[in-house]
Amino acid sequence: MIVEQLINPKSIVVVGGSDDLHKPGGTVLHNLQDGNFKGDLYVVNPKMDEVQGIKSYRDVKDLPDVDCAVLAIAAKFCPAAVEVLAKEKHTRGFIILSAGFHEENEAGAKLERQIVDTINAVGGSLIGPNCIGMLNNHFSGVFTQPIPALDPKGVDLISGSGATALFIMDSGMQKGIKFNSMYSVGNSAQLGVEDVLEYLDESFDPEKSSRVKLLYVESIDNPDKLLKHASSLIRKGCRIAAVKSGGSAAGSRAASSHTGALASSDVAVEALFRKAGIVRCQGRDELMTVAGIFMHPAMKGKNMAVVTHAGGPAVMLTDALSNGGMDVPHIEGEKAQELLAKLFPGSSVGNPIDFLATGTAEQLGHVLDACDKNFEGIDGIAVIFGSPGLFPVFDVYRVLDEKMKTSHKPIFPIFPSSKIVKPEIDEFVGKGRVYFPDEVLFGNALCKVFKTPAPQPEHIEMPDMDVKKIREVVDNAANGYLSPDQIHALLDAAGVARAKEGVSDKEEEIVRMAKEIGFPLVMKVVGPIHKSDVGGVVLDVRDEETVRREFRRMMQIKDTYAIMLAQQLSGTQVFIGAKRDDKFGHMVLCGLGGIFIEVLKDVKAGLAPMSQAEALGMIKELKSYKIIQGIRGQEPVNEQKFAEAVARVSALVKVAPEIFEMDLNPLLGNKDNVVAVDARIRIEK
């Protein structure tokens, strides 16, 4: 819980305050004074009576009561200081800048636990330790510089890394992005990224709160909390982007199923962000480019006009937009010709709209008016305007600023010449504008924003299934892989369609089953993991003689203890899998099946439970989606049935969380149905 004394303290003490502005205790004190903190400011320094013009106390015991404490002293001295402040001085907000805690060694971890216990005992809040601090419109409790321009309509930034927070703010300031608050949670000893997000959600005021939240996350300790409050904020009208680092380390451990190998922790993060509606970014530049897009009005569609006076950047932006799923539609007709008549000879208006290097500010105004008022198929306008430095372009940027005030469609300014025309850009930014220095970065980021879905519903209606039967099967099962009979019972209870099949280790019983199921048949070994690799799969079995011959041969294959018969179905092979993660719960994956899953690894993942609509969205994002739609005369897969099966698997693992890994590979899909042909389910209680 975050207390008011941390957010809006009436008094602050800097323990370890200094005159030396090269030390954290000196800089944070300077920033507090320079940031016009309106409350009482105190300093503790055992060697000085005055620090930066403020009376200094030699010991925390000598202080009056104080709301918030910023500690910039050695780690070993922090627990005692916190003890006095919390229990004697009624301090409830704590920011510990010092390092040397659990990030260093076990002795440091012990100090950290002691501090947290003390603060928890009095109901206080702790930012850090091992952080650069926090800042908001009430005070600047950080030891870094420069301090970004603070604005209630600016960005709220929460970062697990102090240095990264500083670099993000630096990148944002260059582009004109303002900040409302910054929380550097450091070691997250008590408050992590999720807890600060919870506070921003629960204290959200539609009239006063920032609408843009940025996250830099190194570890997600409470995915449910992050999902709940991020999606809640987005439903309230906020927009959130995040960088999650550390996704490549070690990857997935050796796994005995396709799902186990594909469902890494980074896949879980991707699924979490998608479910919450968070735009995932891969680095600081992309994060701040997305933030810049968030600072502009949202586009209502995916059609962009690209306005330029330089051909090359326009082509590169058009490529980025088109490759990312957005459109740069051709513009023609009477209104287009009217615009062309107002431009210099050689200009083009087909989109990109090129009004030439000699184009004027007045002509740019005509172009923007036409895109806004006359071209109905346009949803947003990107303006690329640089300069060779031959003459000032103040007038161009002033026209751009004026048109951005009146346009009904968002206008995104892209200024490639950020050094050459720095005075002009500084004037533009000084008016509260945000710009983009690189057209391809902008195009890729805009596509990410466009493709990120809205948050999924908080409460998902589960499909009808036989919960009692599912629990009966799981409760009676031992750890490990289920038998075919148990798998069949689970799939039937969950309502997942499956092929008619049977299993036996006796030849006469196999022959009887074959006649009951009907030819043609598929025969598979039971036991070996990768059946096709050991010659354990036979297709198109059409008579009793072949059943007997193949039964005898396959029973000799190593690790085989039985043979499975199944009706041979036709259709495109697809895949559904599930994997339990200790933090994220169950991930459910889908994609093309059979050998394609190994070769293409083209899967999408979601977190259980999921609605059929969410499952359908995952299917449509597959690179292989055109195959599922049916291509070059191939029969399509029934997408609704495929999505329903995915949703049913997600419901199954919520009813039976003991399912550790699950593969339905393949399912055969055609225009009428999607039917599971082979399945493996592993239980770990």
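A few remarks follow.
- Calculated FRET efficiency for the pair K110/K601, C-beta based, R₀ 45 Å, to 0.05: 0.55
- Given K620/K641; K579/K641; K604/K641; K275/K604, the pairs whose alpha carbons are separated by over 19 Å: K579/K641
- When both bridge partners sit in the chain, DSSP labels roughly 50% of those beta bridges antiparallel.
- Listed options for P(r) over Cα pairs in 10 Å bins from 0, in percent are [x] 3, 13, 21, 21, 18, 13, 7, 3, 1, 0; [y] 3, 16, 25, 25, 16, 9, 4, 1, 0; [z] 3, 13, 19, 18, 17, 14, 10, 5, 1, 0, 0. The value calculated from this structure is the one marked [z].
- Label zone at E4 (point 7 Å along Cα-to-Cβ), backbone N below 20 Å, segment 89-105: 89-95
- Nearest 10 degrees, 0 to 90: helix 484-494 Cα axis against the chain principal axis: 60
- Cα gyration tensor shape of segment 44-150, rounded if a/c is under 1.5, else prolate or oblate by comparing a/b with b/c: rounded
- Placing a label point 7 Å from the Cα of D327 along the Cα-to-Cβ direction, the residues of segment 364-405 whose backbone N falls under 11 Å from that point are 377-379.
- Against the main long axis of the alpha-carbon atoms of the chain, helix 223-235 sits at an angle near 70°.
- Arranged from fewest to most other beta-carbon atoms within 10 Å of their beta carbon, K500, K244 become K500, K244.
- Set of aspartates and glutamates with alpha-carbon distance to K335 below 19 Å, sequence-local pairs under 8 removed: D354, E362, D369, D372, E376, D379
- Placing unit charges on each Cβ (+1 for Lys and Arg, -1 for Asp and Glu) gives segment 572-683 a dipole about its Cα centre, and among M610, I627, F575 the Cα reaching farthest toward its positive end belongs to I627.
- Highest to lowest packing among 184-190, 350-356, scored as the average C-beta count within 10 Å: 184-190, 350-356
- FRET efficiency estimate (nearest 0.05) - Cβ-Cβ, M48 to K87, R0 25 angstrom: 0.45
- Value at 222 nm in deg cm²/dmol, rounded to 500, when DSSP H runs of n ≥ 4 in the chain each add -39,500 (n - 2.57): -11000 deg cm²/dmol
- Legend: distances between Cα atoms for K213/K236; K110/K228; K302/K451; K208/K300; K23/K89; K506/K558; pairs beyond 20 Å are K110/K228; K208/K300; K23/K89.
- Neighbour net charge for V473 - beta-carbon separation under 11 angstrom, K R +1, D E -1: -3
- Segment 116-179 shape via C-alpha gyration tensor axes, a/c threshold 1.5: prolate
- Prolate/oblate/rounded label for segment 148-294 (Cα gyration tensor, a/c 1.5): prolate
- The aspartates and glutamates within cross-link reach of K468, meaning a Cα-to-Cα straight distance under 20 Å and a gap of 8 or more places when in the same chain, are D485, D492, E658, E684.
- In nm, spacing of pseudo-spin labels at S348 and Q33 (7 Å Cα→C-beta vector): 6.1
- Bridge type composition, segment 304-433 - antiparallel percent by DSSP, nearest 5: 10
A short reminder: the numbers here are calculations on the coordinates, not readings from a lab. This one's a predicted model, so the numbers in the text were calculated from it and none came from an experiment. Positions of Cβ are backbone-derived with ideal geometry, glycine not excepted, and every protein chain shown enters the neighbour counts.
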